[in-house]
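Notes follow the structure.
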Amino acid sequence: MSTGAGRGEIDGLAEGSSTEGTGYDPSKSGILPAVVKSKGPDEGRSGVVVECKHAAECAGCPLIELDYNQQLATKQGRVSGALQHYPALEKITTLPVAPAEPITGYRGRAKLVVSPGGAIGLYDRSGHHDVVDIPGCRVLAPSLAEVASVLRSLIAAPPTAARPLLLPYDPLGGGVLRAIDLREVNLPAAKPADATAKGTQPVENEERVGVLVTFVLQRDRSCSREELREAGRAIRPLLPRVLGVAANFHDAEAPQILGAETLVLDGSLQAEDTIGATFHVASFGSFVQAHRGQAARVHSVLLRQIAAYAAETQASRAGKAPRVLDLYGGSGAISIALANAKNRVTMIESFAPATHNARIAAEAQGLGDLDVRTGDVAEVVANLAGTDEKFDVVVMNPPRRGVSPAAREAIARLGAPMLIYVSCDPDTLARDLDHYARLGYATSEIVPLDMIPLTEEVESIVVLRRSPPPPPRVFYEDDDVVIVDKGPHEPVTPQPEYTGSLLSRAAHLPNGAGVLPTHRLESGTSGLCVLAKNERARAMWVQALSSSGRLIYVVAVKGVTPSKGAISRDLREDGRTYPARTRYRRLAVASGHSILRAIPDGGRTHQIRRHLAAIGHPVLGDERYGHVPTNRYFEEKHGLDRSFLHLVRIEVNHPRTGMRLLVESPLPGDLRGAIARATGPSVLRFLEQKHALGDQAPMSTTMPSSQPGSMQVPISIPPPSSISPPPASAALPPISLQMPPSMSPPSITLPMPGPKTERPGPLHRSGSERPPSGYRSITERPGRISTRPPQTPTTVVPMPKIPPPPTVITEPEEPPRTRRSPIVSGDDE
């Protein structure tokens with residue numbers, strides 16, 4: 001990562017900021033601007049704990065019992081912990097968390113829930129959605145605390161004219177008010193709050209602080225629009241510092257507090273809000289960073305990095321200012337700050353009112369050259385990638401769910417030399433960085449900032465530069481094949497809609513050029529992939545997989561399935577109908593959904609996804625066959641942006657030795673993260689104890705024969721020259737395992753060779769180079785040679801007019817196991 005100018009060249013915080021006593025040293029990384037030493041000790045620092053009378057009940061500040069040093073260490077651990085299950089990110093350094101100043105009274109935006117009894121606050125720690133009244137909240141900005149205090153009194157004894165806005169919602173009774181959204185704005189120095197407007201209490205010039213109030217009402221119980229406007233005009237004179245009042249309409253079963261429609265009732269439609277040296281237009285319900293000082297610091301970091309890039313590339317740009325693309329721009333706070341520094345900025349935001357406000361604020365500050373575009377980020381960037389427009393830097397500040405897979409592909413195709421990612425969620429950040437590594441962008445460090453003190457939330461800034469994609473991890477290799485780990489959002493073979501492919505990355509491996517796939521693996525599915533080194537080996541391994549192989553998947557599906565069963569249903573493919581069968585066993589129930597292991601017999605396209613959807617349990621995250629509301633919930637809440645489908649194990653009799661080969665790939669970080677966020681660590685621990693998520697063993701091993709009393713047999717792979725190719729009359733494998741011509745691409749040679757390691761593996765040829773990731777989780781043992789004849793080509797039957805319903809065969813639950821056993825046991829036969 002380029003760190004740009006030296007320490008202290010850009011002031012990133014207001015006077016009074018401090019790093020003393022926090023363990024943070026900005027000099028260790030030039031990415032952050034210097035800060036000014038505090039004039040005195042601050043509550044929460046150097047072992048002092050912030051005290052709050054609501055802490056025992058309120059869930060709003062989960063880290064409040066820790067001193068500030070411990071809070072920062074906890075947040076740093078959360079960021080580094082999110083990276084640990086992604087091998088491509090293992091060399092990234094997580095720097096100490098940049099502390100905030102102040103850590104109390106800082107919060108400039110608050111969505112407060114209203115209870116049926118009139119309490120205004122947050123949900124309690126029990127998880128039962130009981131509201132804790134928090135009149136003494138330690139983190140609310142003083143202006144918001146003052147408004148909330150007045151509202152408590154008004155709700156307790158509502159004036160007649162304001163009753164349409166103030167009666168608390170009760171699901172079993174009447175009322176309409178569900179929540180209150182308070183937004184503080186710091187008006188520019190030249191434009192103090194309008195103290196002449198009717199009902200607005202004057203704001204002191206030296207403060208210039210105003211508040212926007214949004215009443216969240218139950219839509220089906222609200223009054224007419226005119227009655228609401230009259231109530232707004234009646235209540236605004238009673239509220240201090242309030243510039244405007246609005247009503248937002250909450251739909252009955254919506255999980256979010258705010259609904260899609262907002263009606264301004266009285267006062268200002270919006271207000272100018274200053275962060276750092278510029279302002280943006282704040283509107284009712286619009287997003288804003290919780291900590292104004294830390295938000296200004298983020299702007300300073302971005303300016304610093306872009307200035308450093310401009311200095312590095314000044315000659316190649318012929319003196320022109322860098323061209324910056326700002327994605328997820330919101331109301332333009334970042335774009336305006338960048339444009340004010342003479343950068344050529346294009347902003348993209350999907351919400352039209354926000355882009356309208358961005359244009360207004362830019363023109364008011366003489367920044368009319370700011371290019372603001374409205375549209376979906378993935379679509380707009382994909383269109384830009386198909387034009388001649390070039391950008392030097394891409395800035396991303398996405399919502400908590402992160403950057404979508406389509407947007408990541410489009411950004412990589414755009415080819416900017418530098419990406420700057422501002423993230424508010426370490427889990428989705430790690431998921432996206434893992435994908436960016438395969439797309440050709442890498443970083444060496446993450447800079448976390450404490451944007452919301454006393455909570456577990458942490459902001460992170462990452463600068464990515466162009467870098468060769470890493471080769472895939474190798475789990476097994478011999479003279480004929482290499483078994484590697486395929487990442488999500490990656491096709492096996494090159495496809496026009498994708499930037500890269502598994503085969504192009506495998507070309508970085510020693511002897512990896514020209515490898516051929518031996519079985520299907522969808523682009524959205526992760527896990528093991530067997531790549532043959534030549535056509536002879538490919539034919540041999542396709543035959544072995546069809547006659548003795550098992551491909552075992554870990555799948556998460558909607559709802560609770562039977563404990564185990566088999567789904568038999570014909571599937572249509574390429575104009576023909578084929579019989580297909582999928583066996584499954586439920587491993588765990590997680591938040592009302594099932595985690596399964598599944599074994600497809602037949603290997604048809606989308607077989608597991610189609611079969612599970614047919615019995616009413618679609619795969620979570622499946623865009624084609626899945627349940628849209630459930631998919632949206634898991635993406636928003638748990639960061640699941642693809643089908644929950646991972647090829648965790650391959651079992652096959654080795655075509656040369658006859659020994660049973662078992663290769664496992666551990667569940668990747670994005671799927672582990674989705675389980676952990678949905679259920680906590682308990683389900684993951686349970687599945688790990690059952691050895692259902694793939695072995696984490698770092699070295700290859702040999703195992704004893706399956707026959708009692710047998711000796712360990714070392715593995716000896718004959719050279720290819722000693723084995724004759726199969727005769728021309730040999731039976732072909734079933735059509736389900738034959739690869740289409742499109743999956744046999746020409747050899748791919750990339751100039752970047754894989755790194756070398758010295759330690760040889762027991763399954764590797766003497767004198768050969770070890771793959772860069774080393775061997776992991778490999779076991780091979782003598783196995784029973786199947787007495788079943790090779791499968792014959794599948795019989796083609798006409799497609800019936802009305803497809804038969806799927807047959808589900810349920811079986812009794814297996815007894816509990818107290819020792820490790822294979823993921824697929826004998827009772828799955």
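No other residue among Ala277, Ala282, Ala318, Ala307 is more than 24 Å from Leu419 (Cβ to Cβ) and surrounded by fewer than 20 Cβ atoms within 10 Å (Cβ to Cβ) apart from Ala277.
Condition check ((1) within 24 Å of Ile675 (Cα to Cα); (2) at pLDDT below 95) across all residues:
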| residue | (1), (2) |
| --- | --- |
| Ser29 | no, yes |
| Val35 | no, yes |
| Arg45 | no, yes |
| Ala56 | no, yes |
| Ala73 | no, no |
| Arg78 | yes, no |
| Gln84 | yes, yes |
| Arg107 | no, no |
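Screening Val113 against (1) closer than 15 Å to Cys52 by Cα; (2) surrounded by fewer than 22 Cβ atoms within 10 Å (Cβ to Cβ); (3) at pLDDT 95 or above leaves a single unmet condition, (1). A Cβ distance below 7 Å, combined with a sequence gap of six or more or placement on separate chains, defines the contacts here; from the stretch 406-420, residues that are within 13 Å of Ala437 (Cα to Cα) reach residues that are of a type in the set (Gly, Ala, Ser) in the pairs Ala412/Gly440.
The listed residues are Val150, Val139, Val176, Val185, and the only one of them that is β-branched (Val, Ile, Thr), at pLDDT 95 or above and surrounded by fewer than 22 Cβ atoms within 10 Å (Cβ to Cβ) turns out to be Val150. State yes or no: is Gly121 under 30 Å from Asp67 (Cβ atoms), modelled with pLDDT under 95 and either within 37 Å of the chain's Cα centre (by Cα) or not aliphatic (A, V, I, L, M) (or both)? Against the criterion (under 30 Å from Asp67 (Cβ atoms), modelled with pLDDT under 95 and either within 37 Å of the chain's Cα centre (by Cα) or not aliphatic (A, V, I, L, M) (or both)), Gly121 does not qualify. Within the stretch 147-169, residues that are farther than 11 Å from Ile180 by Cβ and without any contact (Cβ under 8 Å) to a residue 40 or more places away in the chain sit with their Cβ atoms under 7 Å from residues that are aliphatic (A, V, I, L, M) and in a helix (DSSP H, G or I), at 6+ positions apart or across chains, in these pairs: Pro158/Leu166. For the stretch 627-646, the tally of residues that are on the phi > 0 side of the Ramachandran plot and of a type in the set (Val, Ile, Thr) stands at 0.
Scanning the stretch 216-268 for residues that are surrounded by fewer than 18 Cβ atoms within 10 Å (Cβ to Cβ), of a type in the set (A, V, I, L, M, F, W, C) and part of a helix (DSSP H, G or I) gives a single hit, Leu238. Inspection of the stretch 459-472 finds a residue satisfying the criterion of being crowded, with 22+ Cβ neighbours inside 10 Å, touching a strand residue (DSSP E or B) at 6+ places or on another chain (Cβ under 8 Å), within 30 Å of Val97 (Cα to Cα) and of a type in the set (S, T, N, Q). Selection of the stretch 246-264 for residues being in contact (Cβ under 8 Å) with a residue 60 or more places away in the chain and over 30 Å from the mean Cα position of the chain (by Cα) yields only Ala247. When we screen Asp450, Asp434, Asp425 for residues that are farther than 30 Å from Leu509 by Cα and surrounded by fewer than 24 Cβ atoms within 10 Å (Cβ to Cβ), the only hit is Asp425. Do you know which of the residues in the stretch 334-372 that are more than 26 Å from Arg304 (Cβ to Cβ) and of a type in the set (D, E, K, R) is nearest to the chain's Cα centre (by Cα)? So, considering only residues that are more than 26 Å from Arg304 (Cβ to Cβ) and of a type in the set (D, E, K, R), the one nearest to the chain's Cα centre (by Cα) is Arg359. Within the stretch 501-541, being basic (Lys, Arg) and at pLDDT 95 or above holds for Arg505, Lys533, Arg536, Arg538. For the stretch 269-291, a residue qualifies if it is in the same structural domain as Val245 (by TED's automatic domain parsing), touching a helix residue (DSSP H, G or I) at 6+ places or on another chain (Cβ under 6 Å) and assigned to a loop (DSSP other than H, G, I, E, B), and exactly one does: Gly276.
Applying a threshold of 8 Å to beta carbon distances and a minimum spacing of six or more residues, or different chains, the list of pairs starting in the stretch 382-393 at a residue that is free of Cβ contacts under 8 Å to residues at least 40 places away in the same chain and ending at one that is surrounded by fewer than 18 Cβ atoms within 10 Å (Cβ to Cβ) and in a loop (DSSP other than H, G, I, E, B) reads Ala385/Gly415.
Note on the stretch 336-352: among residues that are in a strand (DSSP E or B) and β-branched (Val, Ile, Thr), the one that is surrounded by the fewest Cβ atoms within 10 Å (Cβ to Cβ) is Thr346.
Applying the criterion of being among the basic types (Lys, Arg) and over 30 Å from Val209 (Cα atoms) to the residues of the stretch 55-110, the residue that is surrounded by the most Cβ atoms within 10 Å (Cβ to Cβ) is Lys75. On inspection, His299 qualifies as part of a helix (DSSP H, G or I), touching a residue at least 24 places away in the same chain (Cβ under 8 Å) and in contact with a helix residue (DSSP H, G or I) (Cβ under 7 Å, 6 or more places away or on another chain).
Considering only residues of the stretch 361-370 that are surrounded by fewer than 17 Cβ atoms within 10 Å (Cβ to Cβ) and touching a strand residue (DSSP E or B) at 6+ places or on another chain (Cβ under 9 Å), which is nearest to Ala189 (Cα to Cα)? Give the steps one after another, and end with the answer.
Of the stretch 361-370, the ones surrounded by fewer than 17 Cβ atoms within 10 Å (Cβ to Cβ) are 363-364, 366, 368-369.
Okay, now just the ones that are also touching a strand residue (DSSP E or B) at 6+ places or on another chain (Cβ under 9 Å), so 364, 369.
Details: Ala364: 14, Asp369: 24 Å.
Taking the candidates together, the pick is Ala364.
If you go through the stretch 569-621 one residue at a time, how many are at pLDDT below 95, among the β-branched types (Val, Ile, Thr) and assigned to a loop (DSSP other than H, G, I, E, B)? Looking only at that region, the number is 1. Of everything listed in (1) modelled with pLDDT under 95; (2) more than 36 Å from the chain's Cα centre (by Cα); (3) among the hydrophobic types (A, V, I, L, M, F, W, C), the single unmet condition for Ala544 is (1).
Taking the numbered list (1) closer than 30 Å to Leu433 by Cα; (2) in contact with a Pro (Cβ under 8 Å, 6 or more places away or on another chain); (3) not in a helix (DSSP H, G or I) in turn, Leu72 passes all entries but (3).
The values are calculated or read from the model by the stated rules, or taken from the named source; none is laboratory data. The shown structure was predicted, so the numbers you read here are calculated from the model rather than taken from an experiment. Please note: Cβ atoms are built from the backbone with ideal geometry, for glycine as well, and neighbour counts cover all protein chains shown.
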